[in-house]
Amino acid sequence: MLQLQYFLILAAALFCIGIYGLVTSRNAVRVLMSIELMLNAVNLNLMSFSNYIDSTEIKGQVFTIFVIAIAAAEAAVGLAIVLSIYRNRDTVDMEQFNLLKW
Amino acid sequence: MLSILLVVPAVGAILAACWPSHTRTIASTIALAVIGWTVFLLTQFDLSNPAMQFAENFTWIDALGLSYRLGVDGLSLPLVALNSLLTWVAIYSSNEQIERPRLYYSLILLLNAAVSGVFLAQDLLLFFIAYELELIPLYLLIAIWGGQKRAYAATKFLIYTALSGALILAAFLGLAWLGGSNSFIYNPALAHALPVSQQLLLLGTLLLGFGIKMPLFPFHTWLPDAHVEASTPISVLLAGVLLKLATYGILRFCVGLFPDAWQIAAPWLSVWAIVSVLYGALMAIAQKDMKKMVAYSSVSHMGYILLAAAASTPLSFSAAMIQMVSHGLISATLFLLVGVVYQKTKTRDINILEGLLNPERGMPVIGSLMVVGVMASAGIPGMVGFVAEFLIFRSSFPIFPVQTLLCMVGTGLTAVYYLLLINKAFFGRLSAPVQNLEAVTWRERYPAMILTIAVVLFGLQPGWITRWSEPTIAATLHQPPAVVASVAK
Amino acid sequence: MDFNNLVTQLNAGTILPEGIVLITLLGILVGDLIFGRSIARNLSYFAVGGLVCSLVALILQWDNPQPVSFIGAYSSDPLSVVFRAIVVLSAAVTILMSISYVEQTGTALAEFVAILLTATLGGMFLSGSTELVMIFVSLETLSISSYLMTGYMKRDPRSNEAALKYLLIGASSSAVFLYGISLLYGLSGGETTLEAIARGIAGASGSLSLGLVVSLVFTIAGIAFKISAVPFHQWTPDVYEGSPTPVVAFLSVGSKAAGFALAIRLLVTAFPQVIEQWHFVFTALAILSMVLGNVVALAQTSMKRMLGYSSIAQAGFVMIGMVIGTETGYASMVFYLFVYLFMNLGAFACVILFTLRTGTDRISDYSGLYQKDPFLTLSLSICLLSLGGIPPLAGFFGKIYIFWAGWKAGAYGLVLLALVTSVVSIYYYLRVVKMMVVKEPNEMSDVVKNYPATNWNLPGMRSLQVATLAGLIATSLAGILSNPLFTIANDSVSNTPMLQASVQRQVAVK
């Protein structure tokens, strides 16, 4: 049987890929996708913990359902905002969004 | 009893701000009422009692250990009186057609309340609140009704004073915490139990805070700027009352709370005093601008107070008290007179002004008053400045002979720069640029005359100042006699 | 498990205030659907009424003998009551401020109020939740509705941009936070309520494990984003500048207070093993926030941006109360947040008023305002000076309480730094006051020259006036008459078992 560690390492790797995508992407939609990837890494984490450690109450799996639902809401809001900014600016390139500067 | 000194001007400030007209009348009435109440307090004051009188005591905020404690003793009473008097003088001598009168007069009244609060507070935190409360009104008074570079001067004043406030707060917090106290009540026994090293640290912080405000070299740079840019009544208040906040703080808190550490620090403080005295005097000689000259003379004269405080004998404390009152009166007079001169001639440059004493086309009365004021400031016998300086030197000489001698040089320098001023601006022929002066009205002469009379009167009868403070001073200095004696050996 | 037992375990009465807000929210949605825009303004007054009812319900919950509810997922202890009250109050004032603002921009008011109420609901639940799923869901309720509000002016590219930035940074930080939480779940051996987690971790590994530290760091990153502590503050100025001003008011007070509630509860309850580590991290965050917030605020030209940096700095002050971890420390934090609520909302109400009349928020445009609108000048000056900590205004007492608590706990360095930075802060607050009060009539800015006459009878202005006045009065009097507030702050800490346990643990260690 597979060990818990493998799942955790896979989740950590996915999370890192997500962060990499977050930092390097110029396209707003791709940034949103990277965030989804990070959330899914967390889901994997929760699922594996729940399976190996907490297999009677499976709280982690319930948590995952919540995370999926909220990730969907977040993505919906995110895409709505991207859409409205596209209508106003005709672009979704992150480097073009420079009206506000510090 | 004492709360009236805070409440009346504060309410007056709100009234002056809200009432649509007659602002000046309201403000003068309030100021006169405050003077009246001060006189009443003076009559009720028990001269033989060294402790706090008319004390008021309420717990304000428990969680902070803040209590509303007021009280007045010989150290604060003369200064409260000075504050009441000079506030009225400032209001009276303000321009009748001043812009935004409602804001102006309400700020002056607020300033009066805050300064009274500083002198009356018997709780360290309450003292700090009042000390900070004075900051914004004075800032606005300089910044709105000042001269050309007023924004710069006001900001500089603000930063220096805010920093001084922060240092004082840090020292008070430190004292309350190290002393293991849960409240900020003024309590000399608190610091007494601390090790000397901690006392010295706290004293140093406190001295730095007050030194900025006082001001002592090298923290004085805000003062000439603020004075030059401020309008005449504000200069009067600034020099007359606000600098006394610091010297009062030194006598009350530095000496009162840390007598042991003060004894250790005293020799260095006397050296600091000389540096300040001499530097102020030398800078004053170099000035062309009359107002700046008077401002630097303030730096110099405040140094004497530090010297007297460092000597810390009963006589030197009385001398310091007289010097505070005398500097308050004299510098206020001088600023008033310089203000009149500036208003009439539109310049304060002593290289341009000439022959103002001319009896027909000059300003003989103002000039004469100026001569008297200058003589008082330079310490000519017969005026209060002489008494103050003589007593300071007399009392400090046995303790710090060398320092006192050097300070006397400072007095000589005072005579030098004031002679320069008088000689250039008032004697000689009336020069071309200042011909056709407007006549000086009596209204412009009154305040300076009143103050000059006070200067001469107190010069002849200095006991009228010292009688209030002597018992308190004796009690303050004799509180821990054993320790003082052992350190003095 | 029989029904009665279940009911006692649920103890659903504790969420009555949230229930009231929820019903108000539903009422607004239904009312808006049926009657449309014609009654939008009445609906927003209805929302304020609902929030006030919820506040009353909260007051009744004070000293609730049975605070734990929903089988340990939610706690209505005094600390959560206080924080929920702050969130509710800030939402109510925000609605008062937003009526005329939103109407003037031509967007739908009722929807805005509905989203704001959702955010309030999230913030309230966040203040009391003691279970990971609950924390995450309420955090996201608050965050997602905040994104929506930020981007509410959908035709304004600046608002869009602010919303996008907020969303991307916010979503990624909540992903990071979630990762930390998932580790917590695993490390504790499958527990989700905070206290069980602490027990589980203590049982699983006596000493400090790498996983716990990683989880701590990730969690703090998520929290620090919410309270906009440096270096997780990058979104703050942009979002403040770009989004509608009432939203900024809510974000800077309500959302931040909820973040602090989360910070206290999560860190104190779940991370007792690494208390020194998280204290150290928060000390660093506090120092950075105070220094950077105050220094960068000096250079700002936009009022909202300046207030953004100022709110970063103020969060730094509040963090002092948290890192010292004593009873007075937490109490000073609660007190400061209360005071901050009044003064910051007051300041934002004034900024909204000015923006409504002139359409700008550049600081230089405020010059000479004294001549045209003394009331606005007075209110804004008082609120700003209070933020700068000038006595005898409320902010001074808040600051001095924090300094006093910090000094008593021996955090000299932090307090001295806070003292110095607050001197710096006086300078930039006073700069605005100077602009308004000191400038001569001939230096008046063009917008102020064309300043419209004050007409409070315009629709929606009356409520804005109420908000401004409330801010002004509370800011000037909350300091002088602050004893009740002090009592509330102290009681909220001393009656909260979770904080008491932590304080005692710390005393025992010393």
Checklist (1) of a type outside the set (D, E, K, R); (2) surrounded by fewer than 16 Cβ atoms within 10 Å (Cβ to Cβ); (3) facing chain C (nearest Cβ under 9 Å) applied to residue A:82, failing item: (2)
Considering residues of the stretch B:395-432 that are surrounded by 13 or more Cβ atoms within 10 Å (Cβ to Cβ) and modelled with pLDDT under 85 only, the residue nearest to residue B:290 (Cα to Cα): B:425
When residues of the stretch C:107-127 are limited to those that are assigned to a helix (DSSP H, G or I) and without any contact (Cβ under 8 Å) to a residue 60 or more places away in the chain, the one nearest to the other protein chains (Cβ to nearest Cβ): C:115
Residue within the stretch A:7-14 that is touching a residue at least 24 places away in the same chain (Cβ under 8 Å), of a type in the set (Phe, Trp, Tyr), more than 9 Å from chain C (Cβ to nearest Cβ) and crowded, with 16+ Cβ neighbours inside 10 Å present: yes
Test for residue B:318: is it assigned to a helix (DSSP H, G or I), assigned by TED's automatic domain parsing to the domain that holds residue B:395, within 13 Å of the chain's Cα centre (by Cα) and polar (S, T, N, Q): no
Residue check, residue B:172 farther than 20 Å from residue B:292 by Cα, in contact (Cβ under 8 Å) with a residue 24 or more places away in the chain and in contact with a strand residue (DSSP E or B) (Cβ under 6 Å, 6 or more places away or on another chain): no
Which numbered condition residue B:207 misses (of (1) within 21 Å of the chain's Cα centre (by Cα); (2) without any contact (Cβ under 8 Å) to a residue 12 or more places away in the chain; (3) crowded, with 18+ Cβ neighbours inside 10 Å): (2)
Only one of B:84, B:93 that is outside the structural domain of residue B:331 (by TED's automatic domain parsing), modelled with pLDDT of 85 or more, surrounded by fewer than 23 Cβ atoms within 10 Å (Cβ to Cβ) and not acidic (Asp, Glu): B:93
Top-ranked residue in the stretch C:152-177 [being touching a residue at least 40 places away in the same chain (Cβ under 8 Å) and among the aliphatic types (A, V, I, L, M); ranked as surrounded by the fewest Cβ atoms within 10 Å (Cβ to Cβ)]: C:169
Helices (runs of 4 or more DSSP H) (entirely within the stretch B:111-207) containing at least 2 residues that are in contact with a Cys (Cβ under 9 Å, 6 or more places away or on another chain) and of a type in the set (S, T, N, Q): none
Residues being under 22 Å from residue C:184 (Cα atoms) and either within 8 Å of chain C (Cβ to nearest Cβ) or exposed (fewer than 13 other Cβ atoms within 10 Å of the Cβ) (or both) - total across the stretch A:20-47: 7
Condition met for residue C:209 (more than 26 Å from the chain's Cα centre (by Cα) and either closer than 30 Å to residue C:166 by Cβ or within 14 Å of chain A (Cβ to nearest Cβ) (or both)): yes
First in the stretch A:72-85 and in contact (Cβ under 8 Å) with a residue 12 or more places away in the chain, second anywhere and outside any helix (DSSP H, G or I) and among the hydrophobic types (A, V, I, L, M, F, W, C), Cβ under 6 Å, 6 or more apart: A:82/A:92
Considering residues of the stretch C:379-399 that are over 20 Å from the mean Cα position of the chain (by Cα) and free of Cβ contacts under 8 Å to residues at least 60 places away in the same chain only, the residue nearest to the other protein chains (Cβ to nearest Cβ): C:390
Given (1) at pLDDT below 85; (2) within 14 Å of chain C (Cβ to nearest Cβ); (3) within 26 Å of residue B:477 (Cβ to Cβ), number of the condition residue B:74 does not satisfy: (2)
Subset of the stretch C:235-270 (residues that are in a helix (DSSP H, G or I) and small (Gly, Ala, Ser)): C:242, C:249, C:252, C:254, C:255, C:257, C:258, C:259, C:261, C:263, C:270
From C:102, C:133, C:176, residue being in a helix (DSSP H, G or I), over 18 Å from residue A:63 (Cβ atoms) and under 23 Å from the mean Cα position of the chain (by Cα): C:102
Every residue from the stretch C:181-197 that is touching a Gly at 6+ places or on another chain (Cβ under 8 Å), at the interface with another protein chain (Cβ under 10 Å from one of its Cβ atoms) and over 12 Å from residue C:266 (Cβ atoms): C:182, C:183, C:185, C:186, C:187, C:188, C:189, C:190, C:191
Subset of the stretch A:59-68 that is within 9 Å of chain C (Cβ to nearest Cβ) and among the hydrophobic types (A, V, I, L, M, F, W, C) - its residue that is farthest from residue C:178 (Cα to Cα): A:62
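Evaluate the stretch B:34-52: report whether one residue or more is within 30 Å of residue C:375 (Cα to Cα) and in contact with a Gly (Cβ under 9 Å, 6 or more places away or on another chain).
Scanning the stretch B:34-52, I find at least one residue that is within 30 Å of residue C:375 (Cα to Cα) and in contact with a Gly (Cβ under 9 Å, 6 or more places away or on another chain), so the answer is yes.
Would you point out the residue of the stretch C:230-283, among those that are of a type in the set (D, E, K, R) and more than 27 Å from residue C:352 (Cα to Cα), that is surrounded by the fewest Cβ atoms within 10 Å (Cβ to Cβ)?
Going through the qualifying residues, I end up with C:276.
Does the stretch B:79-102 include one or more residues that are of a type in the set (Asp, Glu), more than 12 Å from every other protein chain (Cβ to nearest Cβ) and either touching a helix residue (DSSP H, G or I) at 6+ places or on another chain (Cβ under 9 Å) or free of Cβ contacts under 8 Å to residues at least 40 places away in the same chain (or both)?
As a first pass, look at the stretch B:79-102 and keep what is of a type in the set (Asp, Glu): B:96, B:99.
Applying the additional criterion that residues be more than 12 Å from every other protein chain (Cβ to nearest Cβ) yields B:96.
Subset that is either touching a helix residue (DSSP H, G or I) at 6+ places or on another chain (Cβ under 9 Å) or free of Cβ contacts under 8 Å to residues at least 40 places away in the same chain (or both): B:96.
Looking for residues that are of a type in the set (Asp, Glu), more than 12 Å from every other protein chain (Cβ to nearest Cβ) and either touching a helix residue (DSSP H, G or I) at 6+ places or on another chain (Cβ under 9 Å) or free of Cβ contacts under 8 Å to residues at least 40 places away in the same chain (or both), one finds at least one in the stretch B:79-102, hence yes.
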Some residue of the stretch C:347-366 being within 14 Å of another protein chain (Cβ to nearest Cβ), surrounded by fewer than 24 Cβ atoms within 10 Å (Cβ to Cβ) and of a type outside the set (Gly, Ala, Ser): yes
From B:156, B:149, residue being more than 10 Å from chain C (Cβ to nearest Cβ), touching a residue at least 24 places away in the same chain (Cβ under 8 Å), more than 29 Å from residue B:38 (Cα to Cα) and within 22 Å of the chain's Cα centre (by Cα): B:156
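The values are calculated or read from the model by the stated rules, or taken from the named source; none is laboratory data. Just so you know, these numbers come straight off a predicted model, no measurement behind them. Neighbour counts are summed over all protein chains in view; Cβ atoms, including those assigned to glycine, are modelled from backbone coordinates with ideal geometry.
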